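Laboratory data are not the source of any read-out in this text; all were calculated from the coordinates shown. On a predicted model such as this, the values are computed, not experimentally measured, just so you know. Note that we place each Cβ from the backbone using ideal geometry, even for glycine, and neighbour counts take in every protein chain shown.
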Amino acid sequence: MNKQYYEKIFSNQRMQKYFQCYPGNEQKAILHYQINIEVSESFYPVLSMLEVALRNSLNRELIEFFGTEDWYLQIGSTTGSRNLNNVINTAKRQIAKRNETLAASKIIAELTLGFWVKLLNAEYERILWKPLRNAFPYLEKSLRQRRIVSAPINKIRSFRNRVFHHEPICWNLNELERTHQEILNVMGWLNIDLPNVAIEVDRVTDVIKRAKEKLS
């Protein structure tokens with residue numbers, strides 16, 4: 001397959017960066033595109049596990065703080081957090097469209113990663129950080145500050161969105177290795193054993209190593 005085929009199938013815009021990176025070497029550009037797909041796929045397990053673990057840990061603390069599994073009914077009426085209602089109502093509508101019961105467990109699962117990460121942002125620090133800091137019991141207490149927790153999680157969210165939306169991520173493989181380690185570190189804040197559980201299905205290190213060899 002050549003440049004014209006890849007541009008036709010995957011679009012000129014998507015392929016442009018790859019061919020610009022390797023002028024006069026179409027096959028190397030195509031190889032890099034294929035490697036990007038492979039590396040992106042290898043991140044799915046750790047990103048998925050972190051997302052579910054983060055959601056469940058934050059949900060647990062919100063239940064404790066508000067005293068109910070339906071905390072999302074109260075958080076939207078709390079001064080300073082009413083803007084969260086839009087995301088919560090969108091989740092409810094999606095569930096209703098599927099003719100499913102609006103149970104707490106369904107709504108929690110439907111809420112986006114963006115919603116959960118947003119709870120850790122500065123605008124909710126005075127309202128929510130005190131209970132939510134308990135969602136990271138294995139982070140050293142002196143480091144359990146909102147900004148220290150929020151920064152890497154927001155970075156991971158942005159990276160996750162690039163992976164899940166099939167965007168290029170493989171321009172700096174060394175940086176990808178650092179991102180991978182950061183994901184494992186945040187997992188360890190939630191549960192000390194989680195990184196070891198993740199490693200059982202994690203292929204990122206091996207895939208990046210092969211990618212470096214192919215692109216050298």
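Given 0.36 nm per residue, what is the gain on full extension from E38 to R178 after removing their alpha carbon distance, in nm? Walk me through the numbers before you get to the answer.
On the way: separation 140, 0.36 × 140 = 50.40 nm, distance 1.77 nm.
That works out to 48.6 nm of additional length.
Hey, could you pull the Cα Rg and Dmax for region 1-53, both in Å?
Here Rg and the maximum Cα pair distance are 14.1, 46 Å.
Run the numbers for K130 and T79: contour at 0.36 nm per residue of separation, minus the present Cα-Cα distance, in nm. The partial results should precede the final answer.
On the way: separation 51, 0.36 × 51 = 18.36 nm, distance 1.59 nm.
Extra length available between K130 and T79 comes to 16.8 nm.
What distance in nm separates the simple spin-label points at I9 and V201, each placed 7 Å from Cα in the Cβ direction?
Each label point is offset 7 Å from its Cα along the Cβ direction, giving 2.8 nm.
Which of the peptides 88-94, 162-168 is most tightly packed, and how do the rest follow, judged by the mean count of other Cβ atoms within 10 Å per residue? Could the numbers behind the result be given before it?
Values: 88-94: 14.9, 162-168: 13.3.
So the order, starting with the most tightly packed, is 88-94, 162-168.
What is the distance, in nm, between label points placed 7 Å from the Cα along the Cα-to-Cβ direction at E213 and at N86?
4.9
How long are the semi-axes of the equivalent ellipsoid of the chain, defined as square roots of 5 times the Cα gyration tensor eigenvalues? Whole Å, largest first.
Numbers: eigenvalues 278, 90, 43 Å².
Its equivalent ellipsoid spans semi-axes of 37, 21, 15 Å.
Structure shown: which of K155/K214; K8/K97; K155/K212; K155/K209 lie over 31 Å apart, alpha-carbon to alpha-carbon? List each step's numbers first, then the result.
Numbers: K155/K214 28 Å; K8/K97 36 Å; K155/K212 23 Å; K155/K209 23 Å.
Beyond 31 Å: K8/K97.
If you average the C-alpha positions of region 60-102 and of region 177-211 separately, how far apart do those two centres end up, in angstrom?
31
When the C-alpha atoms of region 75-149 are aligned to their principal axes, what extent does each axis show, in angstrom, from largest down?
Result for region 75-149: principal-axis Cα extents of 46, 27, 16 Å.
What is the sum of charges, Lys and Arg at +1 and Asp and Glu at -1, for the other residues whose Cβ falls under 12 Å from the Cβ of M187?
Here the charged neighbours net out to -4.
Using the Cα centre of the chain as origin and beta-carbon charges of +1 (Lys, Arg) and -1 (Asp, Glu), tell me which of N12, V39, L73 is placed farthest towards the positive end of the dipole.
Checking the options against the dipole of the chain, the answer is N12.
Average projected area of the Cα convex hull of region 110-216, in nm²? Please list the in-between numbers first.
On the way: hull surface 32.3 nm².
Across all orientations, region 110-216 yields a mean hull projection of 8.1 nm².
Enumerate the lysines that K130 could reach by cross-link, defined here as Cα to Cα under 18 Å, with residues fewer than 8 away along the same chain left out.
Once the sequence-local lysines are set aside, what remains near K130 is K118, K141.
Quick check: the angle from helix 146-164's long axis to the longest principal axis of the chain, C-alpha only, nearest 10 degrees?
The two axes meet at around 50 degrees.
Counting each DSSP H run of 4 or more residues in the chain as -39500 (n - 2.57), what helix-only mean residue ellipticity at 222 nm follows after dividing by all residues, to the nearest 500 deg cm²/dmol? Each step should come with its number before you reach the end.
Values: 11 runs with 145 residues, N = 216.
The helix contribution divided over the chain gives -21500 deg cm²/dmol.
Calculate one ³J(HN,Hα) per residue across region 89-105 by plugging θ = phi - 60° into the Karplus curve 6.51 cos²θ - 1.76 cosθ + 1.60, and present them in order as whole Hz with x for glycine and proline.
5, 5, 4, 4, 5, 4, 5, 4, 4, 8, 6, 9, 5, 7, 7, 4, 4
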